Amino acid sequence: MAINIVRGLTGRWARVLLALVASCTSLLTANAQTVLPDTIVRLERELPDSIIQAIDSMYSRLSNEQLQAADSVLDGLTTTMPDQLNVPVPPTGNQRDWATWRPDPQRALWLALVIPGGGQIYNRKYWKLPIVYGGFVGCIYAMRWNNMMYKDYAQAYLDLMDNDPGTASYNKFMHLGRQITASNEERYKTIFKKRKDRFRRYRDLSFFVMVGVYAISVIDAYVDAELSAFDISKDLSMKVRPAVIGNGSSPNPLYATSLGVNCSIEF
């Protein structure tokens, strides 16, 4: 910052000013942090000609010793002051300090409700995304496959029930060389009906499992945000020790006490 300030001054102006304040360099160092180079350039442009001429006349009157002293101070500012004035700039309102950031439970809840896995992304728990989306993909695949098998067995059961030789979709489920005859027709009707009902039940169960995965992802996002500031340091401990406990059953202290166990938790 000091280098920018010094460079914002022209060579003549810098020598004049530094020669005038050479005896109080510490004051210049303290105030240099509050002067902006843009302000110096703007003042240089807006100053009247009379003031510029006065500064030029002051510069012409300076002796060689004063100019050398100003140059030495100027060189010292450009070499030593940058390290001394290297003050960290605090983050502005638009910047977020991720080291101290904590998620908002309400925002995590709404993001998880609107977007599956959005709460985990907001909480910065990216390793949970494969679990969440893997559960959704698995449930969708199981629901689609069971629904396909349910339709096939339902159609085969209907074709077997209508007694129409032209509709025989059930033959694709028959083993090689097996045929449906009058003797085993009732048994195959029972088999196709049970399989149809079983795949329909698995399809519905896959849907409810997918809803459960969605609910667990929402609960996980909210609880994770709530426990983001929970203390998990090594100071957490539990101590169990014997203790003498007063029960107040008798005025005699020998009979009004009993032995017990004291459990204390430190957090």
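Extension gain for residue 263-residue 136 works out to 41.3 nm (0.36 nm per residue, less the C-alpha to C-alpha distance). Across all Cα pairs in the stretch 151-233, the calculated P(r) in 10 Å bins from zero up to the longest distance comes to 15, 30, 15, 12, 11, 9, 6, 1 percent per bin.
Cross-link partners for residue 189 among the lysines, with Cα-Cα distance under 28 Å and sequence neighbours closer than 8 places in the same chain left out: 151, 172.
All other residues with a Cβ under 12 Å from the Cβ of residue 221 taken together, and with Lys, Arg as +1 and Asp, Glu as -1, what is their net charge? Result for the local shell: 0. What a 1.4 Å probe finds exposed on the stretch 120-210 is 60% carbon and sulfur by accessible area, rounded to a whole percent. Accessible surface area normalised per residue over the stretch 94-163 is 67 Å², counting heavy atoms of protein chains with a 1.4 Å rolling probe. Near residue 257, the amide H atoms lying under 5 Å from its own belong to 247; only residues 5 or more places off or on other chains count, and H is placed 1.01 Å from N. Distance from the Cα centre of the stretch 109-134 to that of the stretch 146-223, in angstrom? Distance between centres, Cα-based: 34 Å.
Using the Cβ-Cβ distance between residue 155 and residue 227 with R0 set to 41 Å, the FRET efficiency from 1/(1 + (r/R0)^6) comes to roughly 0.20.
Estimated at the nearest 10 Å², the accessible area of residue 258 is 50 Å² with a 1.4 Å probe.
Highest mean packing comes first when the peptides 150-156, 241-247, 211-217 are listed by Cβ atoms within 10 Å, giving 150-156, 211-217, 241-247.
The values are calculated or read from the model by the stated rules, or taken from the named source; none is laboratory data. Only a predicted model underlies this, so the values are computations on that prediction, with no experimental measurement involved. FYI the Cβ positions are ideal-geometry reconstructions off the backbone, even for glycines, and counts take in every protein chain you see. For accessibility, only protein heavy atoms count, side chains too; no ligands or nucleic acids. Shrake-Rupley method; radii C 1.70, N 1.55, O 1.52, S 1.80 Å.
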